[in-house]
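Structure, as structure tokens:
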Amino acid sequence: MARGKFITFEGIDGAGKSTHLAYVADLLRSSGKTVIVTREPGGTPLGEKLRELLLHEKMHLETEALLMFAARREHLAHVIEPALARGEWVISDRFTDATFAYQGGGRKLDLIKLSALEEWVHPGFQPDLTLLFDVPLEVARARLDASRELDKFEREKADFFAATRTEYLRRAEQFPERFRVIDSTGTFADVHAELGQIIACI
Ligand SMILES: Nc1ncnc2c1ncn2[C@@H]1O[C@H](COP(=O)(O)OP(=O)(O)OP(=O)(O)O)[C@@H](O)[C@H]1O
Ligand SMILES: Cc1cn([C@H]2C[C@H](O)[C@@H](COP(=O)(O)O)O2)c(=O)[nH]c1=O
């Protein structure tokens, strides 16, 4: 049985990644793949409890980074690794790039510490494809304000999101073999067309 593939969706809050996740899952299912859709932080019963804390409680920035990786360890062990081994495809709404972007870029936690945690929690393991949904901050903010009640991260100021976006784009340049940057300012049809081309090549 061939191992499945691991696809991650990334972007600042309001970039539109969750909106397009179902579309990509449907594209893959229509080509005969078994697809699991999951998210971080979360994806397991314990991970979802940690998500509640992470999105709503104030905490030290290192506690936040450690809990993100604790939830991820659980997610890898109980969801991601078993599914890939069964030959299924896994799509995750966020993964480790989010920790580099938010805790590293946004909160300015030393990237060397994050690399050490990454090496501990998933040595040698990376997504096969990372779709980075990129939009200017004002577009993301307007979409968020129009859509829902905001959590702890979504209430952060513009400079936090500017630094988060910069770190995402820096990682896309650092790892061009797995990142695809999607211009998420377009219409749903524009974004779907771009996603369709990327998925056709994977
Ligand atoms: N291309 C688009 N054009 C117009 N509106 C969009 C577009 N993409 C997403 N939206 C809208 O923007 C809002 C936020 O989208 P979505 O929840 O997918 O963002 P997100 O990147 O997943 O954010 P978060 O990480 O905070 O969940 C939704 O109301 C969605 O309908
Ligand atoms: C995995 C991960 C997530 N975050 C932040 C990013 C978002 O603001 C929230 C998750 O909410 P979403 O609506 O499901 O995108 O958590 C983070 O700061 N660090 C991480 O590693």
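Yes or no: Arg180 open to solvent by 60 Å² or more (accessible area, probe 1.4 Å), at pLDDT 95 or above and either within 16 Å of ligand 1 (Cβ to nearest atom) or in contact with a Ser or Thr (Cβ under 8 Å, 6 or more places away or on another chain) (or both)?
In short, yes.
Among the residues of the range 12-64, count how many are in contact with a helix residue (DSSP H, G or I) (Cβ under 6 Å, 6 or more places away or on another chain), more than 18 Å from Leu76 (Cβ to Cβ) and without any contact (Cβ under 8 Å) to a residue 40 or more places away in the chain.
Number of matching residues: 0.
Examine the range 91-106 for a residue that is part of a loop (DSSP other than H, G, I, E, B) and open to solvent by 10 Å² or more (accessible area, probe 1.4 Å), and state whether such a residue exists.
yes
Within the set of pairs 6+ apart or on separate chains, which have a first residue in the range 116-144 that is among the polar types (S, T, N, Q), a second that is open to solvent by 40 Å² or more (accessible area, probe 1.4 Å) and not in a strand (DSSP E or B), and C-beta atoms under 9 Å apart?
Matching pairs, first to second residue: Gln126/Phe175; Thr130/Phe175.
Taking helices (runs of 4 or more DSSP H) that fall entirely within the range 116-202, which contain at least 2 residues that are more than 18 Å from the chain's Cα centre (by Cα) and within 23 Å of Glu64 (Cα to Cα)?
It comes to 158-174.
Do you know which of the residues in the range 124-151 that are in contact with a strand residue (DSSP E or B) (Cβ under 8 Å, 6 or more places away or on another chain) and charged (D, E, K, R) is surrounded by the most Cβ atoms within 10 Å (Cβ to Cβ)?
Asp134
Take the conditions modelled with pLDDT under 95 and aliphatic (A, V, I, L, M) and apply them to Met1. Does it pass?
yes
Checking the structure you have, find out if any residue of the range 109-118 is farther than 27 Å from Glu194 by Cβ, open to solvent by less than 10 Å² (accessible area, probe 1.4 Å) and in contact with a Phe, Trp or Tyr (Cβ under 8 Å, 6 or more places away or on another chain).
Yes.
Output the residues belonging to the range 28-60 that are open to solvent by 50 Å² or more (accessible area, probe 1.4 Å) and among the aliphatic types (A, V, I, L, M).
Hits for the range 28-60 are Val37, Leu46, Leu53, Met59.
Step by step: first the residues of the range 14-46, then only those that are near ligand 2 (Cβ under 10 Å from one of its atoms) and part of a helix (DSSP H, G or I), then the one that is modelled with the lowest pLDDT. Which residue is that?
By that ranking, first place goes to Ser18.
The values are calculated or read from the model by the stated rules, or taken from the named source; none is laboratory data. If you're wondering where the values come from, they're calculated on a predicted model, not measured in any experiment. Positions of Cβ are backbone-derived with ideal geometry, glycine not excepted, and every protein chain shown enters the neighbour counts. When the accessible area is computed, the model is the full protein with side chains, heavy atoms only, and any ligands, DNA or RNA have been set aside. Shrake-Rupley method; radii C 1.70, N 1.55, O 1.52, S 1.80 Å.
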